[in-house]
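So that we are looking at the same thing, I have put the structure below in structure tokens.
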Amino acid sequence: MLKVNQLHVSYGGIAAVKGISLEVGAGELVCLIGANGAGKTTTLKAIARLITSHGSAHGAAQATVKGSIHFAGENISNSPVHKMVGAGLALVPEGRGVFARLSVAENLSMGAYCRNNHAEIELDLARIYTLLPRLKERAKQLAGTLSGGEQQMLAIGRALMSRPKLLLLDEPSMGLAPLMVQKVFEVIQTVAAEGVTVLLVEQNAHLALSVTSRGYVMESGLITLADSTTALLNNAKVRAAYLGEIE
């Protein structure tokens, strides 16, 4: 579903991503873990085409981007960002990025902006409300008045309304209470079980490794480890650096 080959991203003389390669197979739930500043968010934004060498009139960051990105068998390395959602690639950004002055229902409708089959959209909306019943309770409420956890659910629901083939999740647990983190990750696992391919970026390494099948470890713009999550959980360096365990 996704193949990234020798991705480099730099801002001026600062290299944020230094030639990484990774793959995510169709139907897989894969994580990318690493410390803050490792380059994880930059990687996701580059995959989603929000960071390009040309910048954008719509506020996308301008950088130097090299390497290739293939999604669903197509080379999207030079594809415009506005075509990504329609192609089946959706990003749930760090910080959630909900439309604060729109209602919950309006935010979900925005997720389906590139779709035209209204009957299917209504069916998907009903499915989102079943998966995330808190959103149904707050359908008329302004998104900006929701709690952090509710906003995270809304951001995920909005992305799912586009019927993605690949869902990119950037730090979904950030700033959430433990019970809400548990609920959000239950939703992620349910979505993956339904066949949506997921690439999860998460600073909570133990949580990420506990719900995924494979993982990549990123340090200072480089991928330093790639293995099954079972192997990574048993790796002494990973345990010391990311799980707080010292042997």
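The values are calculated or read from the model by the stated rules, or taken from the named source; none is laboratory data. Predicted model only: the values in this text are computed from it and were never measured. For neighbour counting, all protein chains shown are included, and Cβ atoms are generated from backbone atoms with ideal geometry for every residue, glycine included.
Would you confirm whether any residue within the stretch 154-163 is in contact with a strand residue (DSSP E or B) (Cβ under 6 Å, 6 or more places away or on another chain), assigned to a loop (DSSP other than H, G, I, E, B), buried (at least 20 other Cβ atoms within 10 Å of the Cβ) and not polar (S, T, N, Q)?
Checking the stretch 154-163: not a single residue is in contact with a strand residue (DSSP E or B) (Cβ under 6 Å, 6 or more places away or on another chain), assigned to a loop (DSSP other than H, G, I, E, B), buried (at least 20 other Cβ atoms within 10 Å of the Cβ) and not polar (S, T, N, Q).
Being among the small types (G, A, S) and in contact with a Gly (Cβ under 8 Å, 6 or more places away or on another chain) is the filter here; which residues of the stretch 206-237 pass it?
Passing the criteria: A208, S220, G221, A226, S228.
Another question, then. If you check V211, V201, V217, V238, which single one turns out to be β-branched (V, I, T) and either touching an Asp or Glu at 6+ places or on another chain (Cβ under 6 Å) or closer than 15 Å to T41 by Cβ (or both)?
V201
Hand me the list of strands (runs of 3 or more DSSP E) wholly inside the stretch 184-233 holding 2 or more residues that are touching a strand residue (DSSP E or B) at 6+ places or on another chain (Cβ under 8 Å), crowded, with 20+ Cβ neighbours inside 10 Å and of a type outside the set (S, T, Y).
In the stretch 184-233, 197-202, 214-219 are the strands (runs of 3 or more DSSP E) which contain 2 or more residues that are touching a strand residue (DSSP E or B) at 6+ places or on another chain (Cβ under 8 Å), crowded, with 20+ Cβ neighbours inside 10 Å and of a type outside the set (S, T, Y).
Right, another one. Given the conditions (1) closer than 26 Å to V9 by Cβ; (2) surrounded by 14 or more Cβ atoms within 10 Å (Cβ to Cβ), report the number of the one that M180 does not fulfil.
Result: M180 fails condition (1) only.
Just need a number here: residues in the stretch 16-45 that are over 18 Å from E171 (Cα atoms) and either surrounded by fewer than 17 Cβ atoms within 10 Å (Cβ to Cβ) or free of Cβ contacts under 8 Å to residues at least 40 places away in the same chain (or both).
Residues in the stretch 16-45 being over 18 Å from E171 (Cα atoms) and either surrounded by fewer than 17 Cβ atoms within 10 Å (Cβ to Cβ) or free of Cβ contacts under 8 Å to residues at least 40 places away in the same chain (or both): 7 in total.
Also, quick follow-up: Restricting to the stretch 84-126, what's the tally of residues that are surrounded by fewer than 20 Cβ atoms within 10 Å (Cβ to Cβ) and under 20 Å from D170 (Cβ atoms)?
Looking only at that region, the number is 9.
Is there any pair with a first residue in the stretch 224-243 that is more than 19 Å from V24 (Cβ to Cβ) and a second that is assigned to a helix (DSSP H, G or I) whose Cβ atoms are under 7 Å apart and which are 6 or more apart or on different chains, and what are they?
L233/L209; V238/L232; Y242/A205; L243/A205; L243/H206
Quick check: is even one residue across the stretch 71-85 within 27 Å of R214 (Cβ to Cβ), assigned to a strand (DSSP E or B) and hydrophobic (A, V, I, L, M, F, W, C)?
yes
Let me confirm something: among V17, V30, which residue is in a strand (DSSP E or B) and in contact with a helix residue (DSSP H, G or I) (Cβ under 6 Å, 6 or more places away or on another chain)?
Exactly one residue qualifies, and that residue is V17.
Additional query: Would you pick out the residues in the stretch 98-122 that are outside any helix (DSSP H, G or I), of a type outside the set (F, W, Y) and either farther than 24 Å from I47 by Cβ or modelled with pLDDT of 90 or more (or both)?
V98, A100, R101, L102, S103, A112, N116, N117
Could you check the stretch 47-97 and list, in sequence order, the residues that are among the basic types (K, R) and modelled with pLDDT of 90 or more?
The initial filter retains those residues of the stretch 47-97 that are among the basic types (K, R), namely 49, 66, 83, 96.
If the condition is that a residue be among the basic types (K, R) and modelled with pLDDT of 90 or more, then R49, K66 are the ones that fit.
Among the candidates L123, L142, which residue alone is without any contact (Cβ under 8 Å) to a residue 12 or more places away in the chain, over 19 Å from A48 (Cα atoms), hydrophobic (A, V, I, L, M, F, W, C) and out of contact with any Phe, Trp or Tyr (no Cβ under 8 Å at 6 or more places or on another chain)?
On the way: L142 fails: without any contact (Cβ under 8 Å) to a residue 12 or more places away in the chain.
Of the residues listed, the single one that is without any contact (Cβ under 8 Å) to a residue 12 or more places away in the chain, over 19 Å from A48 (Cα atoms), hydrophobic (A, V, I, L, M, F, W, C) and out of contact with any Phe, Trp or Tyr (no Cβ under 8 Å at 6 or more places or on another chain) is L123.
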